[in-house]
Amino acid sequence: MGLLIREYAKRDGRGKSRKFQVYATFEYPGIFDTPYDPEKHHHFILHELRYRTGPAPAFLGRNKKKSQRLSKYERHVPVQWKAAILRDAPLLKGFFAEEPKWREKMLNWCEANIEAYSSTKRNPQRSRS
C-alpha cells in the first residue's frame, strides 16, 4: 500500500502509450518530509501504525515476542521512525497533532524493537531460543 505520487504515460516497445503510477511507501526517500494533508495521508499513516503496533499475526504463534516480527530486512524501520518522530518531521507532526496517542505508542514500539535487536546482536544465543 502506498501513496500516489504521480501518474505518467510512457510508450512501450510497440509504440503504445501506457499509464504508469508511482506510489510512495515508507521506504520512499524523504517520505517523512512531505507536508501533511489529512485527506491524503491520514489513512496511509494510520494503516502503517496499526500494522506495526498491532497484535502479532496468527502464523507467528501466541508465544512469539513482538520484536521477532521484524525480519532482518526490516531492522532499520524502528530507527527510521524514531528519528522522524523525534525531529518532528512534517508528515508525522501533522498526523500526531490530530492523533496524539499514536506518538507515544509508536515511540514505545520503536524503543522495544531497537532494544530487542541490539540485545540479540550482542548475545547471539538469545535469538536461537
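The values are calculated or read from the model by the stated rules, or taken from the named source; none is laboratory data. These numbers come from a predicted model, not from an experiment. In this analysis, Cβ positions are derived from the backbone assuming ideal geometry, glycine residues included, and neighbour counts consider all displayed protein chains.
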Subset of the range 9-52, residues modelled with pLDDT under 85, more than 18 Å from residue 89 (Cα to Cα) and either of a type in the set (Ser, Thr, Tyr) or in a strand (DSSP E or B) (or both), comes to 9, 10, 11, 17, 18, 19, 20, 21, 22, 23
Which of the following residues is modelled with pLDDT under 90 and surrounded by 15 or more Cβ atoms within 10 Å (Cβ to Cβ): 84, 89, 112, 56? 112
Scanning the range 59-81 residue by residue, those of a type in the set (A, V, I, L, M) and modelled with pLDDT of 85 or more turn out to be 77, 79
Show the residue pairs that are 6+ apart or on different chains and have beta-carbon atoms under 6 Å apart, the first residue being within the range 24-53 and free of Cβ contacts under 8 Å to residues at least 12 places away in the same chain, the second being among the β-branched types (Val, Ile, Thr) and exposed (fewer than 15 other Cβ atoms within 10 Å of the Cβ). none
